[in-house]
1. Only Lys, Arg, Asp and Glu count, each charged at its Cβ (+1, +1, -1, -1), so figure out the dipole size of chain B about its Cα centre, rounded to 20 debye.
2. Dipole magnitude of chain A about its Cα centre, charges +1 at Lys/Arg Cβ and -1 at Asp/Glu Cβ only, in debye to the nearest 20?
3. Compare B:27, B:155 by solvent-accessible area with a 1.4 Å probe and give them largest first, with all protein chains kept in place.
4. How would segment A:6-216 be classified by its alpha-carbon gyration tensor: rounded, prolate or oblate, with rounded meaning a/c under 1.5 and the a/b versus b/c comparison settling the rest?
5. Before anything else, pin down the relative contact order of segment B:1-160: Cα pairs under 8 Å, at least 6 apart, normalised by residue count, whole percent.
6. Of all trypsin sites (Lys or Arg not before Pro) in segment A:108-158, which ones are in loop regions per DSSP and have a Cβ with at most 15 other Cβ atoms within 10 Å?
7. Check residue A:354: other-chain or 5+ apart residues with amide H under 5 Å from its amide H, H built from backbone geometry?
8. How far is it, in nm, from the label point at residue A:175 to the one at residue A:353 when both lie 7 Å from their Cα along the line to the Cβ?
Amino acid sequence: MLDNNQLLRFTTAGSVDDGKSTLIGRLLYDSKSIFEDQLQSIENTSKKKGHEGVDLALFTDGLRDEREQGITIDVAYRYFTTPKRKFIIADTPGHIQYTRNMVTGASTANVATILIDARHGVIEQTKRHAFIASLLQIPHVIVCINKMDLVDFSEDVYNEIVSQFEEISSKMLVKDVRFIPMSALLGDNVVHKSENMPWFQGAPMLHTLETMHISSDTNKVDARFPVQTVLRPQREGYIDYRGYAGRMASGVLRKGDEITVMPSGFTSKIRTIGTYDGEIEEAFAPMSVSITLEDDIDISRGDMIVRSNNKPEALQDIEVMLCWLNNRAAQPRTKYTIKHTSNEQKAMIKEVVYKIDINSLDRNKEDKDLQMNDISKVKIRTTKPLMVDSYRENRTTGSIILVDDTSNETVAAGMVV
Amino acid sequence: MSKYYLNYLDELESEAIFILREVWAQFQNPVILFSGGKDSILVTHLAKKAFYPSKIPFPLMHVDTGHNFPETIKFRDDIIRELGVELIVGSVQESIDQGRVAEERGKNATRNALQITTLLDAIETNKIDCAIGGGRRDEEKARAKERFFSHRDDFGQWDPKNQRPELWNIFNGKHFQGEHFRAFPISNWTEMDVWNYIKRENISIPSLYFAHEREVVWRQDSWIPNSEFLILEDHEEIVMKRIRFRTLGDITITGGIESDADTLEKIAQEVSGMRKTERGNRSDDKRSESAMEDRKRQGYF
């Protein structure tokens, strides 16, 4: 691995029937990321289950119930590394609690891979996947048109599916879409270029993942530094030290920058940007640093340090796209805890503007009942202002979760409109 | 390419520091679970970075099975002295003496499962609301489903099918009296990442990780070290081998591999060519297909 190798996070959407597990298994197997004892264990299970050869899909099974029932219950994370990049796969299940899991996996992803069975083309499920990828603003989408071996590696079938997908995605906000015809089962265009599809000019999936430009995926313009905690070392040499510890959410902050602390509005200048390994001149997302200021002002967890000429909005009434994640439906006129960066307040859902039918993508303004997996546009009122940007501009300062105080569970995830 | 991006190790480091600071901010009384293995040493090193120039603001906790490598205990005591932090020890021997748990019997008896009771007791007596561990998702299939902030009920149990969704970088550590959390700052690191980072930062680790001569016996596909706890079978024979350990657990269950890797450079080289997972030499995981999941459900690390 080279010192400048980056980390790429991607999510896989699709059901077992689309060959999602086989694709992940193939990617890991052909990139030599599966160990002998793991392979041995799937070989044994394949034999026990009466499969012919090694069933690569078994590699992604995690919990006992999943192995027994042959389904995936929860998001599982897989890792592999090539000489070019380190990869994290958020493997999200296709069947149970589908939306909830895909939203979770998608929230941190650079790339969404969407699987389509070449025999079936674009189906309702594909639409859902594309919609969630656009809702969560995943910067890149790779559409894997799989099982090409079952349609005689036909270029016409491929072209037809590409235009079907482009038709639905044209109504959504997906920025960078690429299509790859493949057979995960046989390994065509996953790691190795397919010999069966000479008509395809593009690169195989792994090469695409290794070379795609992801440095611009994070917002480099709006400097946002949510304060996590204040460091006050009570020891010699640091008696007056007050360091604000946090991770840059977006943008760049430099020594000497004029800053404003939100929500108080106090202004100062950055004196130092520190790390354990020494002081640095500038910090950018996603670096964890500690910042000291020229002036002694009252700052605590939940505050945000921003550049004075570029501030987020301090809002108490926020419109968000909300995905409900809990078995217990949303309760009207109930106070929830809202968490936004390091800030935490109480909040109430004041109005459900509309609910989205995840299959037709139509807006339903009549049904206002928010059940598990529902996606809706809502108006939220908070007890104190939150310093928000729109999610489209900033995935970190534009996202919130709701916590139910009676169960302490995370019940909803929201994206600021 | 723009210069405003981090390489993968810096990004993993920054993520872990972020998690450690979140733990400190969201919990009253956290501890780092310290076993003396490379993963808990790494977490401790990251905590040192996260709170600098302050000291690590919480204690380290060691669940002592009594079946230790002597090198591990010395290493632990040295690091505590160097960091100037408190050490809490939960003793499996005490749990046995108090009749809280019963020792396993037979040739492959270990104190591995007994640790669960000692760990949960120590968490309760010390009123710990978050225990920070060095668990990684690449280690084992049940761990692949683990959250950064992982909820434990008032019996210390993990319910893998009913975990809180974790989105973006917003972590929910809210809990009721008697419940606690486990936090895993290095969830996204692989074994290779750990070694590359240890090498880059030149972090000191117990000598057991480096190739050395040791008396061992061949059992369950790996070299088990000779110790006062080892019961030999008739056909088994103690031999001298040049070995090193890939993971460190109890002396009774941790198998070594034959190796000449005696520097961090050589270890990283060796690990990158490995064809078996690191826990492949851990007999605690070999007991059944779901050995780890079953122990984790009950409250294991």
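The values are calculated or read from the model by the stated rules, or taken from the named source; none is laboratory data. Computed from a predicted model, the values in this text were never measured in an experiment. Cβ sites come from the backbone with ideal geometry, for glycine too, and all protein chains shown count toward neighbours. The protein model used for the area step is the full one, side chains on, heavy atoms only, and it has no ligands, DNA or RNA in it. Shrake-Rupley method; radii C 1.70, N 1.55, O 1.52, S 1.80 Å.
1. 760 debye
2. Numbers: 51 positive and 59 negative charges, 212 e Å.
Roughly 1020 debye for chain A.
3. Details: B:27 10, B:155 150 Å².
Order by accessible area, largest first: B:155, B:27.
4. In terms of gyration-tensor shape, rounded.
5. That works out to 24 percent.
6. Numbers: sites: A:119, A:127, A:128, A:147; in loops: A:119, A:147.
Those satisfying the criteria are A:119.
7. A:377
8. 2.2 nm
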